[in-house]
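The values are calculated or read from the model by the stated rules, or taken from the named source; none is laboratory data. None of the values given here were measured: they were computed from a predicted structure. Glycine gets a Cβ as well: all are built from the backbone with ideal geometry, and neighbour counts include every protein chain shown.
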Amino acid sequence: MAIVPVIQSAVSVQINKLYQVDIDPSSITVSETKPEFEGDYTVVLFALLKTLKKQPEALGNELGQQLVADNAALFSGYNVIKGFLNLSVSDGWWLQFLQEQYNDPNFGRQPRNGKRVMVEYSSPNTNKPLHLGHLRNNFLGWSVAEIYKANGYEVIKTCIANDRGIHICKSMIAWQLFGNGATPESTGIKGDHLVGDYYVMFGTALKKQMEPIKEKKLAELIESGKSKEEALKYMDDKKEELEKEAPIMKAAQQMLVDWEAGKPDVVELWRMMNSWVYSGFDVTYKRIGSDFDKVYYESETYLLGKELVEEGLRKKVFFRKDDGSVWVDLTKDGLDEKIVQRRDGTAVYITQDIGLAEVKQNEFKCDLSVYVVGDEQNYHFKVLKLICQKLGVDGADGIFHLSYGMVELPTGRMKTREGTVVDADDILDEMIKEAERKTQELGKTEGLAEAELKDLYDIIGTGGLKFFLVRVDPKKRMIFNPEESIDLHGFTATFIQYAYARMQSIFRQELPKGGEIGADLLPLEKQLIITLERYADVLQQAGAEMNPSVIAGYAFALAKLFNSFYNEHKVLKAESAEKKELRLQLSQMTAHVIKSGMALLGIRVPERM
């Protein structure tokens, strides 16, 4: 059993014994004792003072004396500082805990709790390859799903492929104009990259076609009396409207109309180019370890929600404006009016998202539905949840937007149309090359076969990338630095992986036997056990916060502490057989916990390094 509930229960029993008052153990606040004070765990007394009618100093001393007297196997001492009772847990309790748990690779994971969570992540557009921003989304979404599993939930991983719309038609038009029948097979280019190249070509062609249009418009505006600065600002504000005048944009808009009308040659081109992209995505997903239980396609869901619009009108959740468009008024909820159906009866994004939310809930009946989407969509998801709640959509209260900050490069924000995006495949290749370079520089390749080395470079490179992108709180924006992400001495996966490989080098010589481990602990031994015991709480915190960086920080701190322990104390040449067994068990449990924690981040740990 975890130490905190044990302490809470012991305190509750003593309060009843001393003062004949029943206190719910879970209401008693217990935290780790601050490093500057003596003790392991602290009971916060303030919340108990009014009920027990005691002064903090008196209550702390009375409780402390009784706890130590009646629980000698659990507590070895206490001290009171103001409203805090600091308790020292006996070495015997920690040693028993270690012997019971050291060989359990599933330590910290919870049994099934009967609840179901859906995590939707990735959600790429099918007009370009996955890029660096998608990697943060994938690593975050996949890891949150695995953390929920570790906390006892059944998890459904889903993805919505944004496979229709004007952005898709842009790549299709560019391929028709510039492709000369090119295919992934004829060019040797991965399918998603090939389609992405044509999307960039569309942007280049559009920019070229816009030059005379903008010059003409600028002249017209200046002639009408605007200053040049005013005219340029006006044109910037009306950029999308102006772009519709370009021939290539008109062609893309017509293609979208033809696709929605089901024109056979357009639909066939769309299917062909999307199939190239999906094949490319599959390769990248396999490389990064992303997987999905269900993929939804926008082309199959974009009409969803129309019936819900009619239902919303009947329920007076929505209202129709004079032009025929349908809206929802969210001003009383602190937002504004939001269109849910255009005047021509076509859906907007929020409409299809309402419909898809209902479909997903009907199909999987989840207690919680997590959308992993960047923070630029914060408003959209507030609106989505509110509308679903007002319509009475099943599971609406369980909709949660896991908002995360964008990933930027040292040079600034990425823009696909301008070709400044770092493709996921390219960054993965770069990371693996960097891992190879640094490993060879450090001379860490001795005794490893070529296949082992290739796998090691992948473990280090891909692990370094994943760790770098999840070690930061999801809400924070971040700048990606490839060199910083593979540093043997920094806050990196590499540091943790090397500590794990150190442990494996011990076990190749000797494994713990489960024998006697003595009756006392040195400071670093005790600190290591205390940190290991916290792992279950760390998993619960990471799940409650939907925050893999909690596990990343814990794994790094644990690896750092193990290195201090390893450098301070001999393991295989310990001063006694009991100490050797103790340190082998400590090493074994540390290895299990690090491997478990890193696995929840999607990161492998090497046997040799």
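The table below lists the values:
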item: Restricting segment 128-152 to residues that are of a type in the set (Lys, Arg) and part of a helix (DSSP H, G or I), the residue that is farthest from Tyr371 (Cα to Cα); result: Lys149
item: Residue that is surrounded by the fewest Cβ atoms within 10 Å (Cβ to Cβ), among those in segment 575-609 that are of a type in the set (D, E, K, R) and not in a helix (DSSP H, G or I); result: Glu575
item: Top-ranked residue of segment 494-508 - restricted to ones that are within 21 Å of Thr462 (Cβ to Cβ) and polar (S, T, N, Q), ranked as surrounded by the fewest Cβ atoms within 10 Å (Cβ to Cβ); result: Gln504
item: Answer from Gly553, Gly515 - the residue that is more than 22 Å from Phe468 (Cα to Cα) and surrounded by fewer than 22 Cβ atoms within 10 Å (Cβ to Cβ); result: Gly515
item: Strands (runs of 3 or more DSSP E) enclosed by segment 285-362 - at least 3 residues per element that are touching a residue at least 60 places away in the same chain (Cβ under 8 Å); result: 294-297
item: Looking only at segment 33-56, and only at residues there that are acidic (Asp, Glu) and exposed (fewer than 14 other Cβ atoms within 10 Å of the Cβ), the one that is farthest from Ser88 (Cα to Cα); result: Glu36
item: Among residues of segment 30-48, those that are farther than 23 Å from Lys526 by Cα and either without any contact (Cβ under 8 Å) to a residue 40 or more places away in the chain or assigned to a helix (DSSP H, G or I) (or both), counted; result: 3
item: Test for Glu510: is it farther than 30 Å from Arg136 by Cα, assigned to a helix (DSSP H, G or I) and touching a Leu at 6+ places or on another chain (Cβ under 9 Å); result: no
item: The listed residue being at pLDDT 95 or above and either touching a Ser or Thr at 6+ places or on another chain (Cβ under 9 Å) or among the small types (Gly, Ala, Ser) (or both), out of Leu85, Leu98; result: Leu85
item: Qualifying residue in segment 471-493 (condition: within 15 Å of the chain's Cα centre (by Cα) and among the aliphatic types (A, V, I, L, M)); result: yes
item: Candidates Ser279, Ser299, filtered to the one that is outside the structural domain of Leu428 (by TED's automatic domain parsing), surrounded by 14 or more Cβ atoms within 10 Å (Cβ to Cβ) and closer than 17 Å to Asn162 by Cα; result: Ser299
item: Every residue from segment 554-574 that is assigned to a loop (DSSP other than H, G, I, E, B), in contact (Cβ under 8 Å) with a residue 24 or more places away in the chain and aliphatic (A, V, I, L, M); result: Val571, Leu572
item: Filter result (under 18 Å from Val257 (Cβ atoms) and within 33 Å of the chain's Cα centre (by Cα)) within segment 169-184; result: Cys169, Lys170, Ser171, Met172
item: Residue ID - surrounded by the most Cβ atoms within 10 Å (Cβ to Cβ), chosen from residues in segment 153-185 that are over 16 Å from Tyr278 (Cα atoms) and among the charged types (D, E, K, R); result: Lys170
item: Counted residues, segment 257-303 - those being more than 22 Å from the chain's Cα centre (by Cα) and at positive phi; result: 1
item: Residue within segment 525-536 that is under 20 Å from the mean Cα position of the chain (by Cα) and of a type outside the set (A, V, I, L, M) present; result: yes
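Residue by residue, here is whether (1) more than 28 Å from Ser76 (Cα to Cα); (2) at pLDDT below 95; (3) not aromatic (Phe, Trp, Tyr) holds:
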residue	(1), (2), (3)
Ala499	yes, no, yes
Glu516	no, yes, yes
Leu532	no, no, yes
Leu539	yes, no, yes
